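The values are calculated or read from the model by the stated rules, or taken from the named source; none is laboratory data. Quantities reported herein were computed from a predicted structural model and do not represent experimental measurements. Every residue, glycine among them, receives a Cβ derived from its backbone with ideal geometry; neighbour counts consider all protein chains shown. In case anyone asks, the SASA skips ligands and DNA or RNA and just uses the protein heavy atoms, side chains included. Shrake-Rupley method; radii C 1.70, N 1.55, O 1.52, S 1.80 Å.
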Amino acid sequence: MIDQPKFLRALDKKANSTPPIWYMRQAGRYLPEYRKIRSKFKNFLDMCKDPEVCCELALQPIRRFDLDASILFSDILTIPDAFNLGVEFKEGEGPVFTRPIKDVKAIKNLPSFNPSDLSYVYKCVKNIRGALPMSIPLIGFCGSPWTLAAYSLEGGSSKDFAFTRSFISENSIQTQQLLKKYTDACFEYLKEQVIAGIDAIQIFDSWANLLNKQEYESFSLKYINDLVQQLKADDITKNIPIIIFARQPQGGIEQLTDCKPECISLFWDESIDSSIKLLKNKTAIQGSLNPMTLKEDNSIIYKEVKTMIEKFENYPGYIFNLGHGITPDIDPDKVKFLTDSIREL
Ligand code: CP3
């Protein structure tokens, strides 16, 4: 029998001799081999629609660093794009929607979601799964319904999401309708990713921090929970482990255990000691080195890694990751040093 890969063992809350390692945004602009391919595309989303190219991009960090898990190369905004909101990525600006949701009529008039509009993503999953050895699991993902709704209402990134915040308080019922639509679309989308070959799911609630505790419960957690329950109830998806990443949710990460995910991915400013106390024997933990640590001298990186590994020494189900994505200004050699240090320690 082949040994279960470390990453999947950790998601089962089993101990490993060294923690499995992968990094959020392990593929991306900090890698010269990524930038070379990226320069051939004007619009980032056009690149996401090419399954051969995306397969190559997903494999780049695996080749370079010999990581323990691969993540599908795509973006969370493929779903709003499939709802015909016109998602574009402008240089230096991040995502821009040409047809954002700016009134309740736009919610009522949203088209129904057709999962086959995202068949380029499932094709990419098949390609990556076919190219990876069975010892390396492949992570599929989606944005949380709330995070997708926040981008769709705001029409792109923003410091404070002021429009979104006033829209949801004035149009609570219609916002719930939008969130329900996105939840069902996320389920269909993840199910197709599972059929195509993913081994684990990560749900990104990157804009959890915009809501107060009560809003978080009714606009975000409720729908993450619905999504997880749909996945757990379906014969095709029920055995696929689920990781939830939520950035600074008001009311704390313990609320996320209500959804019963296999793993919680910590944002970098989350207290490790209290997370360990809260989550031990409940879920696996993924995280959570501050990505900015990768700008420091190797001696500092080593020290930080040592502290982190020691804290998780007796935690069954630990996955080493950063507390958010690798930024474009990071030297790939630092990522190599980090990876080697974790394995040495
Ligand atoms: O290795 C990987 O993780 C690659 C796959 C991946 C991307 N985006 C590729 C990407 C994943 C898992 C994502 C998730 C994603 N996308 C999130 C959740 C994680 C988080 O960061 O909180 C969010 C919020 C997005 C939305 C998004 N995509 C933004 C705001 C931006 C622009 C800002 C930025 O970081 O560039 C993107 C673009 C994007 N997605 C890039 C990549 C590699 C860079 C695009 C480029 O090369 O021009």
For the range 243-262, the count of residues that are part of a loop (DSSP other than H, G, I, E, B), out of contact with any Leu (no Cβ under 7 Å at 6 or more places or on another chain) and within 14 Å of Val228 (Cα to Cα) equals 2
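Residues checked against (1) in contact (Cβ under 8 Å) with a residue 60 or more places away in the chain; (2) assigned to a loop (DSSP other than H, G, I, E, B); (3) open to solvent by less than 10 Å² (accessible area, probe 1.4 Å):
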| residue | (1), (2), (3) |
| --- | --- |
| Ile264 | no, no, yes |
| Glu270 | no, yes, no |
| Lys277 | no, no, no |
| Ile309 | yes, no, no |
| Asn314 | no, yes, no |
| His324 | yes, yes, no |
| Asp329 | yes, yes, no |
| Lys334 | no, no, no |
Counting just the residues of the range 83-102 that are farther than 18 Å from Phe41 by Cα and open to solvent by 20 Å² or more (accessible area, probe 1.4 Å), which one comes out nearest to the ligand (Cβ to nearest atom)?
Pro100
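Condition check ((1) without any contact (Cβ under 8 Å) to a residue 24 or more places away in the chain; (2) more than 16 Å from the ligand (Cβ to nearest atom)) across all residues:
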{"position": "Asp117", "(1), (2)": "no, yes"}
{"position": "Val121", "(1), (2)": "no, no"}
{"position": "Val125", "(1), (2)": "no, no"}
{"position": "Ser135", "(1), (2)": "no, yes"}
{"position": "Cys142", "(1), (2)": "no, no"}
{"position": "Gly155", "(1), (2)": "no, no"}
{"position": "Ser166", "(1), (2)": "yes, yes"}
{"position": "Asn171", "(1), (2)": "no, yes"}
{"position": "Gln174", "(1), (2)": "no, yes"}
Here are the criteria: (1) open to solvent by less than 50 Å² (accessible area, probe 1.4 Å); (2) under 19 Å from Ile309 (Cβ atoms); (3) part of a loop (DSSP other than H, G, I, E, B). Tell me which single one Phe7 does not satisfy.
(3)
Quick one: which of Leu153, Leu148, Leu118 is more than 28 Å from Glu56 (Cα to Cα) and either at pLDDT below 95 or open to solvent by less than 10 Å² (accessible area, probe 1.4 Å) (or both)?
Leu153
Can you tell me which residue among Lys36, Lys108 is surrounded by fewer than 16 Cβ atoms within 10 Å (Cβ to Cβ) and over 28 Å from Met292 (Cβ atoms)?
Lys108
Output the number of the condition that Arg29 fails; it satisfies all remaining conditions of (1) more than 19 Å from the chain's Cα centre (by Cα); (2) charged (D, E, K, R); (3) near the ligand (Cβ under 9 Å from one of its atoms).
(1)
More than 11 Å from the ligand (Cβ to nearest atom) and either buried (at least 19 other Cβ atoms within 10 Å of the Cβ) or not hydroxyl-bearing (Ser, Thr, Tyr) (or both), is that true of Asp75?
no
Quick one: Ile62 ticks every box in (1) in a helix (DSSP H, G or I); (2) at positive phi bar one, so which box is it?
(2)
From the set of residues in the range 16-26 that are near the ligand (Cβ under 7 Å from one of its atoms) and open to solvent by less than 20 Å² (accessible area, probe 1.4 Å), which is nearest to Lys311 (Cα to Cα)?
Met24
Looking at Leu45, is it within 13 Å of the ligand (Cβ to nearest atom), of a type outside the set (Phe, Trp, Tyr) and either over 22 Å from the mean Cα position of the chain (by Cα) or assigned to a helix (DSSP H, G or I) (or both)?
yes
If Leu57 meets every condition in (1) without any contact (Cβ under 8 Å) to a residue 60 or more places away in the chain; (2) over 24 Å from Glu344 (Cβ atoms); (3) open to solvent by less than 80 Å² (accessible area, probe 1.4 Å); (4) more than 9 Å from the ligand (Cβ to nearest atom) apart from one, which number is that one?
(4)
Restricting the search to the range 186-230, which residues are within 14 Å of the ligand (Cβ to nearest atom), assigned to a helix (DSSP H, G or I), within 19 Å of Tyr120 (Cα to Cα) and touching a Pro at 6+ places or on another chain (Cβ under 9 Å)?
Cys186, Tyr189
